[in-house]
Amino acid sequence: MMQKTIDRLLIFLSIFLIWELCTHTFSILDPFLFPSPEKVAQLLVEDSEVFRKSFTSSIYLLTSGLILALLTAIPLGLLVGWQRRLHQAVEPLTNLLGPIPPIVYIPYTIALLPTFTLSSIFVIFIGAFWPLFINTVAGVQAVEKGLIDSARTLGVSRWTMLTRVLLPGALPHILSGGSISLVLAFILLTAAEMIGATSGLGWYVKYFSDFADYPRVVAGILVIGIVVLLLMTVYRQVSSYLLRWRTSG
């Protein structure tokens, strides 16, 4: 663990050193397009309040879309994965709608829904829904048939079957789909904010790029990267906790 931390720190320091040498020290890169680390750090401090408000706005949209996806994709995935007839009926629809890039829905959602906030939440929801749904179905189908037959023999209720047998068995697949959903949702969030938002991290980058303020564009990209890193770190910690039974004993 200590060695891994040291290796990552060395990589970070190497990137920072190359950035410093190419911009501030030797001016290899165009300073208009590639600001120095000192300039970006200064803007991170100056615009800290703007970044705070943008982060709050982005997280609200992101969590709203993800929660809707969790509340719909997992229960539906459990049912479709469990009921063979239902799965056969739904599979063509999944193959048709699942691969469609959710970003294509943005123009329609903006036109049909009353606010940009609802439009963004809907697009994020669609993007997060399919990976969760497909992986939940796959997880249920990967559960040992003998375990399901034993539960049926004991006469467990449908609710118990879904929550105590199928859900735990499918959890590794669900969490794998969840990581894809989280990344895709953040990409869609940023894209939606760059199209029509008045706040958010994506809006920050788009707004200042329109004025060719590339130091702030770089600062915004850096903040987005840090936020994604933090979100994925938290998600991995939660996933490890939920799957702790796989490594215990």
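As a proxy for reagent exposure, ranking 50, 165, 234 by other Cβ atoms within 10 Å from fewest up yields 234, 50, 165. Every pair of different Cα atoms in the range 59-185 enters the Kirkwood calculation, which places the hydrodynamic radius at 15.4 Å. Applying 1/(1 + (r/R0)^6) with R0 = 35 Å to the Cβ-Cβ distance of residue 226 and residue 94 gives a FRET efficiency near 0.50.
Between the range 76-112 and the range 115-169, the alpha-carbon centres lie 14 Å apart. Under a Gaussian network description of the chain, with springs only between Cα atoms under 10 Å, the residue in 14, 181, 57 that fluctuates furthest is 14. Highest GNM mean-square fluctuation among 222, 201, 66, for the chain modelled with Cα contacts below 10 Å: 222. Over the chain, dividing the summed -39,500 (n - 2.57) contributions of all DSSP H runs of at least 4 residues by the number of residues returns a 222 nm mean residue ellipticity of -26000 deg cm²/dmol. Largest GNM mean-square fluctuation across 185, 138, 73, computed for the chain with C-alpha springs under 10 Å, falls on 138. Translational diffusion coefficient of the chain (Stokes-Einstein, Kirkwood radius from Cα pairs, 37 °C, 0.692 mPa s): 158 µm²/s. Counting only residues at least eight positions apart within a chain, or on another chain, there are no lysines with an alpha carbon under 18 Å from that of residue 4. What angle, in degrees between 0 and 90 and rounded to the nearest 10, separates the Cα long axis of helix 116-142 from the longest principal axis of the Cα atoms of the chain? The answer is roughly 50 degrees. Shape annotation for the range 128-249: C-alpha extents along the principal axes are 68, 32, 18 Å, from largest to smallest.
When each of 152, 85 is scored by the number of other beta-carbon atoms lying within 10 Å, the sequence from fewest to most is 85, 152.
The numbers here are math on the coordinates, done by the rules we state, and not lab data. Every value quoted in this text rests on a predicted model; they were computed, and no experiment measured them. No Cβ is skipped: glycine too gets one built from the backbone with ideal geometry, and neighbour counts run over all protein chains shown.
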